[in-house]
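J.: Encoded as structure tokens, here's the structure I'll be asking about.
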Amino acid sequence: MTQQQLMVNATIAHGLDVIGDRWALLILRDAFLGCTRFEAFRQQSGISKATLTRRLDALIAEGVLQKKAYAANRYDYVLSQKGKRLFASSLLAWQWENQWCKQEPTYPLPPKLEHVNCQHTLEPEAVCSHCNLPIKLNQIQLPLQALNASQQIDAMQSLTKQRRVRSTEKPVAVNESLATISDLIGDRWTLLTLICAFFGVKRYDDFLLHLHIATNILTQRLNHLVEVKVLERKPYQENPVRMEYLLTEKGRSLFTIVMSLRQWVCMEYQVTSELIEPAHKPCGRPLRIEIQCKHCKTAATTKDVTFL
Ligand SMILES: [Zn+2]
Ligand SMILES: [Zn+2]
């Protein structure tokens with residue numbers, strides 16, 4: 001990661017400060033599921049009234065939600081155009097949670113979506129918008145060789161000073177499976193650790209170098225990622241035994257979600273000129289993700305997807 005890329009990550013983090021907050025992600029998901037009323041959001045996510053009020057206000061301030069009066073002093077909270085453009089990320093997050101968190105007995109997400117265009121069950125597929133091939137992590141060029149630790153340290157330090165620490169924030173009334181995706185993406189250090197892993201970082205000392213993170217925080221995040229089976233620990237040397245952290249399939253499949261969030265942030269906050277782009281190797285073009293229906297191979301948008 002060069003400094004520029006780090007700044008891009010910082011920008012992603014900026015967007016995520018609003019939408020990546022664990023509660024905000026839950027609210028957004030419920031908005032895509034059709035919730036519009038305060039009470040409905042509250043019941044769906046088990047969020048407290050005060051927290052819900054704050055998060056709704058933040059999402060309105062960011063222009064992701066809009067408030068519309070349906071009676072005197074009564075409001076619907078609906079997705080704005082900007083909010084609706086988060087559909088791809090939400091869809092991928094829904095798919096990821098359905099695939100990887102199914103074993104939870106009280107799983108509350110709708111199990112199926114329908115693609116209105118072809119009337120088949122929707123299996124969303126993230127494809128390259130240039131060559132239409134499915135996105136695979138091993139076909140993305142992420143220039144790890146451009147890593148410059150000292151630049152990063154500077155960038156990271158200025159970045160982290162402004163951040164509030166979320167490490168102690170624990171969900172209260174949220175079902176574990178519900179919290180999974182927002183846990184991973186909604187926590188700054190977990191997300192940056194994950195991004196490093198996407199860039200090919202495997203060893204503890206390299207994470208430390210690239211993230212310039214306190215050892216206890218790094219250990220905690222790596223342990224958490226291993227616990228939720230996003231990373232796995234494997235020995236790369238014996239005598240003395242040394243371990244590295246490798247992405248599992250579950251971890252690799254988070255890539256398109258993170259990248260599609262990144263795409264949204266870059267577009268909405270107009271930072272495209274600053275970035276060094278990850279490239280899609282099969283076509284050599286900068287990575288642009290589009291969601292299509294696996295069955296009919298046409299785009300899946302808010303208009304033509306329904307929750308069954
Ligand atoms: Zn391509
Ligand atoms: Zn279709």
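J.: Please give the FRET efficiency for VAL116 paired with ASN239, using the beta carbon to beta carbon distance and R0 = 51 Å, rounded to the nearest 0.05.
T.: Plugging the Cβ-Cβ distance into 1/(1 + (r/R0)^6) gives 0.25.
J.: Using the Karplus equation 6.51 cos²θ - 1.76 cosθ + 1.60 (θ = phi - 60°), what ³J(HN,Hα) coupling, rounded to whole Hz, does each residue of the range 59-75 give in order, writing x for Gly and Pro?
T.: For the range 59-75, the Karplus curve yields 5, 5, 4, 7, x, 8, 10, 10, 9, 10, 6, 10, 7, 4, 6, 10, 10 Hz.
J.: Can you give the FRET efficiency to the nearest 0.05 for THR298 and LYS67, using r as the Cβ-Cβ distance and R₀ = 22 Å?
T.: 0.05
J.: Still on this structure, please answer the following. In whole Hz, what ³J(HN,Hα) sequence does the range 222-230 give by Karplus (6.51, -1.76, 1.60; θ = phi - 60°), x for Gly and Pro?
T.: 5, 4, 4, 5, 6, 4, 8, 6, 8
J.: Scan around MET243 for amide H atoms under 5 Å from its own, H built in the peptide plane at 1.01 Å from N, and keep only partners 5 or more places away or cross-chain.
T.: TYR236
J.: Amide H neighbours of HIS130 under 5 Å, counting only residues 5+ apart in sequence or on other chains, H built in-plane at 1.01 Å?
T.: Under 5 Å from the amide H of HIS130 lie the amide H atoms of ARG288, each far enough along the sequence or on another chain.
J.: Expressed as a rounded percentage, what relative contact order does the range 38-141 have, with Cα pairs under 8 Å and six or more residues apart?
T.: Relative contact order of the range 38-141: 13 percent.
J.: Continuing with the same structure: Name the long-range amide H neighbours of GLN66: under 5 Å, sequence gap of 5 or more, or other chain; modelled H, no Pro or chain starts.
T.: Amide H neighbours of GLN66: VAL78, LEU79, SER80.
J.: Solvent-accessible area of PHE199, probe 1.4 Å, all protein chains present, reported in Å² to the nearest ten, please.
T.: 20 Å²
The values are calculated or read from the model by the stated rules, or taken from the named source; none is laboratory data. In this text, all values refer to a predicted model and were calculated from it rather than measured experimentally. Positions of Cβ are generated from backbone atoms using ideal geometry, with glycine treated the same way; all protein chains shown enter the neighbour counts. When the accessible area is computed, the model is the full protein with side chains, heavy atoms only, and any ligands, DNA or RNA have been set aside. Shrake-Rupley method; radii C 1.70, N 1.55, O 1.52, S 1.80 Å.
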